[in-house]
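Beneath this line is the structure, given in structure tokens, with notes to follow.
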Amino acid sequence: MQPAPDPAISSHYVNNELYRKLVEDFTDWQREELAIAASKVRDEFRLLVEREARLLDELRFDDWLAMYAPECIYWVPGTPGGGDPRREIAISFDDRRRMEDRIFRLRTGYAWSQAPKSRTVRMISNVEVFATAEGFARMVRSNFLISEFRVDGMRFLSGWCGHRFVQSAERWQIQVRQVNLIDCDRNLRNPSIVL
Amino acid sequence: MLEKLNASRIDSADLYDWDELVQEDRVHRLIYTDPTIFNLEMTNIFGAVWVYLGHESQIPANDDYITVRLGLRPIILLRDSLGRIRALFNRCAHRGTTLCRKDKGSARIFTCPYHGWSYLNTGKLRAVPWPDGYACDFNDARYNVAQVPRVDSYRGFIFATLNPDAPSLLDYLGPITTPIDEWLDRQPKGRIRVCEANRLKYKGNWKLAYDNSGDGYHVVFSHRSLLEMENRQADVANRGMSYYKNSPDTAPMYIAYMGNGHHFKDKRPNIQKRAGGLWAVEGPAPGSEHYAEALRRRFGAKAEDILDLASSEPVNINVFPNFSLLGNHIQVFEPISVDETDVTWYGTAVIDEDGTLEGAVDDINALRMRTQEQFPNFGEVDDLANFEEIQRGLACREDEWIYMHRGLGLPGRVKTHANGIITAPATDEVFMREYIKEWKRLMKATPKLVVQREP
């Protein structure tokens, strides 16, 4: 048997099945009957989402990438509700390799949109956890407010995230993160930070 | 019915010495910073010439509409109930309220939210509440919605002008229709569908984007991070725009000025002309290896042509003042104010109604969405940062000039051909010098703009 290709080097897992499942997983999941009320569970995922926010604020991108499953998606839809990424452009739709591309570019020192770099502080709240049909997966919804300062001023980016976490070796990894900006279908100034 | 606009407007020639502001080798900073010049542009450019509004695939059926802008004027671009494409001013004839506040939809009737006047999508007034309270005759055309008198399409691209004296759209486009045709005709049946967009904005004058659209000089500097990124895993660093490295002036690519402010940067001669030639230099995208292998398994050698459809077409086709075809994008520049501009990169998808691609169309579009997201994410953001920094730099009012003289005065470098097309190496600023001459001519003019109302 061939060893599985390294998703950081070649992109085999972004295929029709992934897209189909992605659209399905991110449709109609925030249902009351799937919500997990137990505060222990909510705390567990709240800590993970808060940690991710802190790593991004501190530009600790290697640690950030390590929170993700090897085959992962970072998805910033350009249409409210997500749209269908097979048929529509997204603001960003990164697989593992393109996430690493994104970080690589920011580190070249020649990414003028981030030279000087933005300073950010993320506020995360309203963390809710939802069960899925698969025991090893949880969906998490959280609201965010990013205060971003760069060069000539301060601005705020606001929205909510849908995280799909999967359990692997006793650890929850982020398989998909969908970042829903409330103004995702409007023209955005300098959207060059990792949201 | 045509209606002359009698409102007092600035007489441009009295305001500035345009020949002083726009010289052979340089332009004055004021053309980027002066609000009065910007206001005049909203008439003399974004009004008097053919301006791109949208693509027919955005309003495919009768009664479909999208809301857009013509300069600063809010417009409802629609296909009326009989199928005619119209550009209505999004403005109630009564008190001026916008009639439609959605981005897109389908409507036979637009009803003003303020006092309930309603209009057919031809622009004709349908009814006003309690008409007994009026002494006037509502059949008078003045109560119909104003609309842009000239709306025309070229192969699906919809343009409009308020200027009755403008040439026909076909004459306005002139020879740039050839690269537009070639851009379309690499798709089955020469057709595309607009599929959402990467929507960006910058704090800078709109011309900074148009100055950049044909610029081959900035690429390896402004996009250095992108070039390093997309070649980081490549055995041979030939991905994307790598052909700009080393000596771009001797590469076979070229810039062509094609009249009326339009220009065309043709980078295709840099790429080996063969099936799969474009795909071979496309940067890595989500799904690249999976879809390439799946298509090759299924189609053999024919897969290479299909993969080229997911690859960026190496051209920049720039139609003055606000429309650009590049890669697989339709890029639209929309001025907001003298120092703010929206730049929208509409994605395009392949359509294959008669099965030329034997069922591969969905796969190739899934891949094409991802290749199209690359440049706005990792390239355009850096250009826009540089445009903003130009606008900041131009606050130095004592340092007045912007230079655009690359290639000027070098014997044999810039060639004018028998058909009037001017060509030069891809890094030359000849396209800026030529389009800004056209801008100057338009700014000196006194166009008589008109609106139309249904009779």
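No lab work stands behind these numbers, since they all come straight from the coordinates. Worth saying up front: this structure is predicted, and the values here are computed from it rather than measured. In this analysis, Cβ positions are derived from the backbone assuming ideal geometry, glycine residues included, and neighbour counts consider all displayed protein chains.
Go through segment A:3-110 and name the trypsin sites (Lys or Arg not before Pro) that are in a DSSP coil and have 14 or fewer other Cβ atoms within 10 Å of their Cβ.
Numbers: sites: A:Arg20, A:Lys21, A:Arg31, A:Lys40, A:Arg42, A:Arg46, A:Arg51, A:Arg54, A:Arg60, A:Arg86, A:Arg87, A:Arg96, A:Arg97, A:Arg98, A:Arg102, A:Arg105, A:Arg107; in loops: A:Arg31, A:Arg60, A:Arg86, A:Arg87.
Qualifying residues, ordered by number: A:Arg31, A:Arg60.
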Cα→Cβ-extended label distance, 7 Å offset, between A:Trp29 and B:Ala61, nm: 3.1
Longest exposed-site-free window of chain B, the sites being GluC sites (Glu not before Pro) in a DSSP loop that have at most 16 other C-beta atoms within 10 Å: B:25-352
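Based on the Cβ-Cβ distance from B:Arg155 to B:Arg268, what FRET efficiency comes out when R0 is 22 Å, to the nearest 0.05? It would help to have the intermediate numbers written out before the result.
Numbers: r = 19 Å, r/R0 = 0.88.
Result of the calculation: an efficiency of 0.70.
For each pair in B:Lys207/B:Lys440; B:Lys102/B:Lys124; B:Lys207/B:Lys437; B:Lys415/B:Lys437; B:Lys203/B:Lys267; B:Lys104/B:Lys448, compute the distance between the two Cα atoms and list the pairs where it is over 23 Å.
Details: B:Lys207/B:Lys440 13 Å; B:Lys102/B:Lys124 20 Å; B:Lys207/B:Lys437 13 Å; B:Lys415/B:Lys437 17 Å; B:Lys203/B:Lys267 29 Å; B:Lys104/B:Lys448 31 Å.
Result: B:Lys203/B:Lys267; B:Lys104/B:Lys448 exceed 23 Å.
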Neighbour-count order for B:Ser57, A:Ser113, fewest beta carbons within 10 angstrom listed first: B:Ser57, A:Ser113
Whole-number D in µm² s⁻¹ for segment B:50-162, Kirkwood Cα-pair radius fed into Stokes-Einstein, 10 °C, 1.306 mPa s: 111
The protein assembly as shown: Cys lacking any partner C-beta under 4.7 angstrom: A:Cys72, A:Cys161, A:Cys184, B:Cys100, B:Cys136, B:Cys195, B:Cys396
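If I stretch the segment between B:Ala280 and B:Ser168 completely, what's the gain in nm (0.36 nm per residue apart, minus their alpha carbon distance), one decimal? Mind dumping the intermediate values first?
Numbers: separation 112, 0.36 × 112 = 40.32 nm, distance 4.03 nm.
Here the answer is 36.3 nm.
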Extension gain from A:Leu47 to A:Ala115, taking 0.36 nm per residue of separation minus the Cα-Cα distance: 21.4 nm
Square roots of five times the Cα gyration tensor eigenvalues for chain A, Å: 25, 21, 17
13 Å Cα-Cα reach of A:Lys21 towards aspartates and glutamates, excluding residues that sit fewer than 8 places from it in its own chain: A:Asp84, A:Glu134
C-alpha long axis of helix B:35-44 to longest principal axis of chain B, angle in °: 80
Degrees between helix B:361-375 axis and first principal axis of chain B (Cα, 0 to 90, nearest 10): 90
Enclosed volume per residue, in Å³, of the convex hull spanned by Cα atoms of segment B:177-442: 141
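Please state the charge dipole magnitude for segment B:50-162, taken about the Cα centre, from unit charges on C-beta atoms (+1 on K and R, -1 on D and E), reported in debye and rounded to the nearest 20.
Values: 16 positive and 9 negative charges, 53 e Å.
Computed charge dipole of segment B:50-162: roughly 260 debye.
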Helix-derived mean residue ellipticity, 222 nm - over chain B, DSSP H n ≥ 4, -39500 (n - 2.57), to 500: -7000 deg cm²/dmol
Qualifying chymotrypsin sites (Phe, Trp or Tyr not before Pro) for segment A:56-150 [loop in DSSP, other Cβ within 10 Å: at most 16]: A:Phe136
Residue-by-residue Karplus 3J(HN,Hα) for segment B:213-222, coefficients 6.51, -1.76, 1.60, Hz, glycine and proline x: 4, x, 8, x, 7, 7, 4, 6, 9, 5
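If you take the Cα Rg of the protein assembly as shown and divide it by 2.2 N^0.38 Å, with N the number of residues, what do you get?
On the way: Rg = 26.0 Å, N = 650, 2.2 N^0.38 = 25.8 Å.
The reported ratio for this selection is 1.01.
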Given charges at beta-carbon only (K, R positive; D, E negative), |dipole| of chain A in Debye: 540
Shape box of segment A:68-129 [Cα atoms, principal axes, largest first, Å]: 34, 30, 25
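Please return the longest range in chain A lying between exposed loop sites, taking GluC sites (Glu not before Pro), DSSP loop only, at most 14 other beta-carbon atoms within 10 Å, and leaving the sites out.
Numbers: sites that count: A:Glu58, A:Glu134, A:Glu170.
My reading of the result: A:59-133 is the longest stretch.
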Shape call, segment B:236-312: gyration tensor on alpha carbons, a/c limit 1.5: prolate
If the convex hull is drawn through the Cα atoms of segment B:143-297, its volume per residue in Å³: 199
Prolate/oblate/rounded call for chain B, Cα gyration tensor, a/c under 1.5 rounded: oblate
From phi via Karplus (6.51, -1.76, 1.60), per-residue ³J(HN,Hα) for segment B:102-112 in Hz, x at Gly/Pro: 8, 6, 7, x, 9, 7, 8, 9, 10, 10, 5
Size of charge dipole - segment B:177-442 - debye, nearest 20, with Cβ of Lys, Arg +1 and Asp, Glu -1, no other charges: 560
Burial ordering of A:Cys184, B:Cys396, fewest other beta-carbon atoms within 10 Å first: B:Cys396, A:Cys184
